[in-house]
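Student: The structure is given below, and queries will be raised subsequently.
The values are calculated or read from the model by the stated rules, or taken from the named source; none is laboratory data. Bear in mind that the values here come from a model prediction, so they are computed numbers and not experimental data. Cβ atoms come from the backbone with ideal geometry, glycine included; neighbour counts cover every protein chain shown.
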């Protein structure tokens, strides 16, 4: 649990992203039950995929994440995942989704690199993450045809990111949820025929949970508890001499 209350900006970002997720799930259920205009609902789902992650990225920027190198990499990772969400939903091309998320996880690794020695990546638990990556990635890659090598590489990078993220409770849980989400997605794309509504629930719920938890981990790690002062506020705080008031 956070030692201090979660910043309002982050809570608001989570609430908006969560609302987008709920609407997406509702649309998936309606399509599965053949209620309403399927084409209109599918279009709404694409729009909602584009709209889900920006509130989290905006909240982190508002809290000052871009003042830290780790924060810059983390926000970049969220934006790359956002591209994967939107382009994957818009085009339906698996390699586009895979490439965007692979780059996103590499960006997450860059954000987590400074705290690597505090993570499970530098301990016996790393073996468990590697085993999961090899088994899950191997099963998926065996059925991925021409995408076998990229799929296996993605599984290894994903497991590494999850292990590096395990430096605190939110990071540990966020990394594990990312593993669950992408494992289900990979199985649904290449191995099993999972009904769309079920796959949507099994992929998107842990996926958004992972993004939220990783954002909380970053916020706590960098101490992002206050909004960045606006230029207007800074100017208003000046006295005519140009110095800042101290009262």
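For (1) closer than 19 Å to residue 125 by Cβ; (2) in a helix (DSSP H, G or I); (3) at pLDDT below 95, each residue gets a yes or a no:
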{"position": "170", "(1), (2), (3)": "yes, yes, no"}
{"position": "176", "(1), (2), (3)": "yes, yes, no"}
{"position": "183", "(1), (2), (3)": "yes, yes, yes"}
{"position": "198", "(1), (2), (3)": "no, yes, yes"}
{"position": "224", "(1), (2), (3)": "no, no, yes"}
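Student: Sticking with this structure for a sec: Give me the residue from the stretch 179-197 that is without any contact (Cβ under 8 Å) to a residue 12 or more places away in the chain and either closer than 16 Å to residue 138 by Cβ or touching a helix residue (DSSP H, G or I) at 6+ places or on another chain (Cβ under 8 Å) (or both) and, out of that set, surrounded by the fewest Cβ atoms within 10 Å (Cβ to Cβ).
Tutor: 192
Student: On the given criteria, is residue 128 assigned to a helix (DSSP H, G or I) and buried (at least 21 other Cβ atoms within 10 Å of the Cβ)?
Tutor: For residue 128, the condition - assigned to a helix (DSSP H, G or I) and buried (at least 21 other Cβ atoms within 10 Å of the Cβ) - is not met.
Student: Here is a follow-up. Residues being surrounded by fewer than 20 Cβ atoms within 10 Å (Cβ to Cβ) and over 29 Å from residue 219 (Cβ atoms): count how many of those fall in the stretch 137-170.
Tutor: Number satisfying all stated conditions: 12.
Student: Taking the conditions exactly as written (in contact (Cβ under 8 Å) with a residue 60 or more places away in the chain and surrounded by fewer than 18 Cβ atoms within 10 Å (Cβ to Cβ)), does residue 115 satisfy them or not?
Tutor: yes
Student: Separate question: Within the stretch 87-99, is there a residue that is without any contact (Cβ under 8 Å) to a residue 40 or more places away in the chain, in a helix (DSSP H, G or I) and surrounded by fewer than 15 Cβ atoms within 10 Å (Cβ to Cβ)?
Tutor: Yes.
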